[in-house]
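In what follows, a single structure is set out as structure tokens and then discussed.
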Amino acid sequence: MTLKTRFQLSGMMFLQFFVWGAWYVTLGTYLGVTLKFEGSQIGLAYSAFAIAAMISPFFVGMIADRFFPTERVLAVLHLIGAGLLYWLAQIEDFSLFYPVIIAYTLCFMPTIALTNSLSFENMENPGEQFPAIRVVGTISWIIVGLIVGYMDIEALNTPILIASASSVVMGLYCFTLPHTPPKSKGQKASVRDILGLDALKLMKDRSFAILFIASLLICIPLSFYYSFANLFLNDIGVTNAAGKMTMGQGSEILFLLLMPFFFKRFGYKTMLMVGMAAWGARYALFMFGNPTELVWMLYGGIILHGICYDFFFVTGQIYVDERAPKSVKNSAQGLITFATYGVGMFIGSWLSGVIVEANTVGSGDAQEYLWYDIWLVPAVLSIIVLVLFTIFFKEKKGFKKPTDINDNSTTEGIAETKAV
């Protein structure tokens, strides 16, 4: 990878996560405090992300795999998304807010998988090179979080407007990215191609299937944090909550940079297990922490984000890239996105909203959230998924990656060798 390519990919990650981080963390606070949406409505708003993850990545992945260069697909999606974000910032009624946020996430969600696949395609060794590129996105998330926290605009629509303007910049920047042509250009696209069904053949590999299922399940408790952590911190009296939540991204930087070391020393299974365990620990800390003498517990729960995200999501993305044949890499990333940000987050966003609403007493200014009871649910769920994953996932060593999805080595277990 040349120095020019490294800078191009780093800039892409910076803008990608600036757009995302500007609105995603504080949306729950804006909806709950300013627009007075109920807990279930806040959960549904976050579930839009999951609905988009279930619908769009396969289709868009197929487009990038067969018809158009990845960088151009990214550009168009971000430019359309910029307009939808601006519209979203003007809406105050949930009946309109919900379909518009679904429309926006249908544009944004595929860009997560596409930025990953574009990066991997332009690297010689993703396991060693990707973390250093991806960490720039984390730095960007920290920067925009500090900006939002410092400006004290968490309960306003301003973060959404910042994201809209940033999306315009990202869309234009994408035209300058390394040319990444479709890898299956010229091949006739069937219905199974459009639906990304070729990537589903990877499920015949037992380890890949277990990872898919575990990814889906762990994202159910994970959704509680994404949907309600900022509202939780603001509600119990933590000042500059958005800014302090960037401590999580600070730890993410550290662990991203250390990932090549961890890969060599521990392997995929151990890293994925540690990531899952960190989610349970985070919720336990939130259950007992407070903004006074036990504030260190709150900070500890936030700082665990580095392990929670890197050891599970980034490790999983690299695992998928390593095992997916070249012809369906984008669709394979879409498949794991479908499991995590799709089905898992949809169930989790809905469930978190239901749990929060069930543990809310009073109304108006007298409204009170029973946060201990709320955080207990995802803590228990995280531990259950960890135990199941530990029992059933087997990490295969020394496999030979196939060059085509129809290679029998893909569909017959991918080198049944020594397992951990």
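The values are calculated or read from the model by the stated rules, or taken from the named source; none is laboratory data. Remember, predicted model here, so these are calculated numbers, not experimental data. Quick reminder, even Gly has a Cβ in these numbers, built from the backbone with ideal geometry, and neighbours come from all protein chains shown. Only protein heavy atoms, including side chains, enter the accessible area calculation; ligands, DNA and RNA are left aside. Shrake-Rupley method; radii C 1.70, N 1.55, O 1.52, S 1.80 Å.
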Determine how large the accessible area of Arg72 is when every protein chain is in place; take a 1.4 Å probe and give Å² rounded to the nearest 10. 130 Å²
Quick note, region 295-367: a/c under 1.5 would make it rounded; otherwise a/b > b/c is prolate and the rest oblate (a ≥ b ≥ c, C-alpha gyration tensor); here it is oblate
Over region 221-349, calculate the relative contact order: mean separation of alpha carbon pairs under 8 Å at least 6 apart, over the residue count, as a percent. 32 percent
Taking the Cα atoms only, what angle lies between the long axis of helix 158-173 and the longest principal axis of the chain, rounded to 10 degrees? 20 degrees
Carbon and sulfur together cover what percent of the accessible area of region 4-44 at a 1.4 Å probe radius? 63 percent
Run the numbers for Glu92 and Leu388: contour at 0.36 nm per residue of separation, minus the present Cα-Cα distance, in nm. 102.3 nm
First check a/c for region 244-348, with a ≥ b ≥ c the square roots of the eigenvalues of its C-alpha gyration tensor; if it is under 1.5, answer rounded, and if not, answer prolate when a/b is larger than b/c or oblate otherwise. prolate
Cα→Cβ-extended label distance, 7 Å offset, between Asn290 and Glu368, nm: 1.3 nm
Determine the alpha carbon to alpha carbon distance for each of Lys4/Lys264; Lys4/Lys269; Lys36/Lys244; Lys204/Lys394; Lys204/Lys326; Lys201/Lys394 and list only those over 22 Å. Lys4/Lys264; Lys4/Lys269; Lys36/Lys244
Which is farthest toward the positive dipole end of the chain among Ala241, Gln129, Met13, measuring Cα position about the Cα centre, with Cβ charges +1 (Lys, Arg) and -1 (Asp, Glu)? Gln129
Hey, if you put +1 on the Cβ of every Lys and Arg and -1 on every Asp and Glu Cβ in the chain, which of Tyr30, Ser227, Leu177 ends up farthest toward the positive end of that dipole? Leu177
Per residue, how many Å² of accessible area does the chain show with a 1.4 Å probe? 38 Å²
Could the peptides 174-181, 338-345 be put in order, highest first, of the mean number of other beta-carbon atoms found within 10 Å of their residues? 338-345, 174-181
Sum -39500 (n - 2.57) across every DSSP H segment of at least 4 residues in the chain, then divide by the residue count to get the 222 nm mean residue ellipticity, nearest 500. -23500 deg cm²/dmol
Treating only the Cβ atoms of Lys and Arg (+1) and Asp and Glu (-1) as charged, compute the dipole magnitude of the chain about its Cα centre; round to the nearest 20 debye. 1700 debye
Please list Ile160, Ile236 from largest to smallest accessible area, probe radius 1.4 Å, with all protein chains kept in place. Ile236, Ile160
Please give the helix 241-288 orientation as an angle from the longest Cα principal axis of the chain, in degrees from 0 to 90, rounded to the nearest 10. 20 degrees
Out of (i) 33, 25, 20; (ii) 37, 23, 18; (iii) 40, 35, 19, which label holds the value of semi-axes √(5λ) of the Cα gyration tensor in Å that was computed here? (i)
Radius 13 Å from Cβ of Gly275, net charge of other residues (Lys, Arg +1; Asp, Glu -1): 0
With all protein chains present and a 1.4 Å probe, the order of Leu172, Leu233 from largest accessible area down is Leu172, Leu233
On C-alpha positions alone, give me the angle between the axis of helix 39-66 and the longest principal axis of the chain, in degrees, nearest 10. 20 degrees
Hey, with R₀ at 30 Å, roughly what FRET efficiency would Phe266 and Met151 work out to, going by the Cβ-Cβ distance, to 0.05? 0.15
Note down the nm distance, to one decimal, between modelled labels 7 Å out along Cα→Cβ at Val169 and at Tyr299. 3.0 nm
The ³J(HN,Hα) series, computed from each phi in region 105-122 with the Karplus coefficients 6.51, -1.76 and 1.60 at θ = phi - 60°, rounded to the nearest Hz and given as x for glycine or proline, is 5, 5, 7, 7, 4, x, 5, 5, 5, 6, 5, 5, 5, 5, 4, 4, 5, 9
